[in-house]
1. Which Cα, out of 129, 186, 90, lies furthest along the positive dipole direction of the chain (beta carbon charges, K/R +1, D/E -1)?
2. Hey, what do the phi angles of the range 49-56 turn into as Karplus ³J(HN,Hα) couplings, whole Hz, using 6.51/-1.76/1.60 and θ = phi - 60°, x for Gly and Pro?
3. Grab the Cα-Cα distance for residue 31 and residue 116, subtract it from 0.36 nm times how many residues apart they are, and report the gain in nm with one decimal.
4. For the chain, what is the calculated [θ] at 222 nm in deg cm²/dmol (nearest 500), taking -39500 (n - 2.57) for each run of four or more DSSP H residues and dividing by its residue count?
5. Roughly what angle does helix 2-12 make with the longest principal axis of the chain, taking Cα atoms, 0 to 90 degrees, to the nearest 10?
6. Determine, for 27, 140, 151, the number of other Cβ atoms within 10 Å of each Cβ, and report the residues in order from fewest to most.
7. Taking amide H atoms as placed 1.01 Å from N in the peptide plane, list the residues 5 or more away in sequence, or in a different chain, whose amide H sits under 5 Å from that of residue 188.
8. Only four residue types carry charge here, +1 at the Cβ of Lys and Arg and -1 at the Cβ of Asp and Glu. Report the dipole size of the range 2-196 about the Cα centre in Debye, rounded to the nearest 20.
Amino acid sequence: MKTLLLVLLVAQAPGRPLFYWGARPATIATRAAAGEGNAARVTEIHGIVDGGDLVLRVSFDRAVGDALHLPSGAPVSGRLRAALYVDGDANRSTGWVAEPGDPRAGADYRIDLGVLALGADPDEGIEAQALVTVSAFALTSNGRQRVLWRTDHAASPDQVSIRGDAVEMRIPRDVVSVVLRTRLALVVGEEGFEGFLGP
């Protein structure tokens with residue numbers, strides 16, 4: 001019971017804000033409503049270039065902590081995920097060559113958000129935990145990807161932060177090259193969404 005309480009307290013503690021969003025409008029807003037299934041669904045994505053870094057906020061239809069743990073408090077993976085496509089130069093004629101009408105056309109990078117559930121290791125004194133992970137990939141014109149960067153909210157709280165129903169991430173400028181009007185794309189099932197970062 002003590003372990004369960006500790007896990008729940010850690011899951012509810014908000015991470016530090018990585019950017020002050022204020023009333024800034026969403027870069028992408030999906031039509032996702034509160035879901036009835038186990039998997040969290042993306043509702044909004046906010047993005048901005050700050051000091052050369054790409055800062056993103058991915059909001060879900062439920063608290064992130066609820067998607068990271070079973071009702072028993074045990075960590076679980078597979079219920080929180082998103083894949084964002086970044087057209088770093090805002091030019092659809094460069095980057096990934098996709099089918100006409102595919103919002104991923106022109107993407108130079110893919111940012112993956114997911115969860116890694118780790119079991120307890122009593123010998124090492126490690127509690128079971130769910131790590132929110134972020135990976136950045138470079139995309140070629142045919143869609144092949146190469147890992148550029150990978151981290152999680154425990155290892156890099158200044159780059160990945162859980163804030164209620166959202167995950168904020170700050171991707172360093174030496175990992176992705178972006179312009180102020182960078183275009184983001186998100187595909188949910190058969191539906192595609194896109195938007196441009198504002199000033």
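Any read-out appearing in this document is the output of simple, stated calculations on the displayed coordinates, not a laboratory observation. Keep in mind the model is a prediction, meaning the values are calculated, not measured. With ideal geometry, Cβ positions are generated from the backbone for all residues, glycine too; neighbour counts draw on all protein chains shown.
1. Value computed over the given set: 90.
2. For the range 49-56, the Karplus-derived couplings read 9, 10, x, x, 7, 8, 10, 10 Hz, x marking Gly and Pro.
3. Details: separation 85, 0.36 × 85 = 30.60 nm, distance 2.70 nm.
Between residue 31 and residue 116, full extension yields an extra 27.9 nm.
4. Details: 2 runs with 16 residues, N = 199.
The helix contribution divided over the chain gives -2000 deg cm²/dmol.
5. So the helix axis and the longest Cα principal axis differ by about 30 degrees.
6. Values: 27 23, 140 12, 151 20.
Least crowded to most crowded, the residues run 140, 151, 27.
7. Excluding prolines and chain starts, which carry no amide H, the hits are 193.
8. Values: 20 positive and 24 negative charges, 65 e Å.
It comes to approximately 320 debye.
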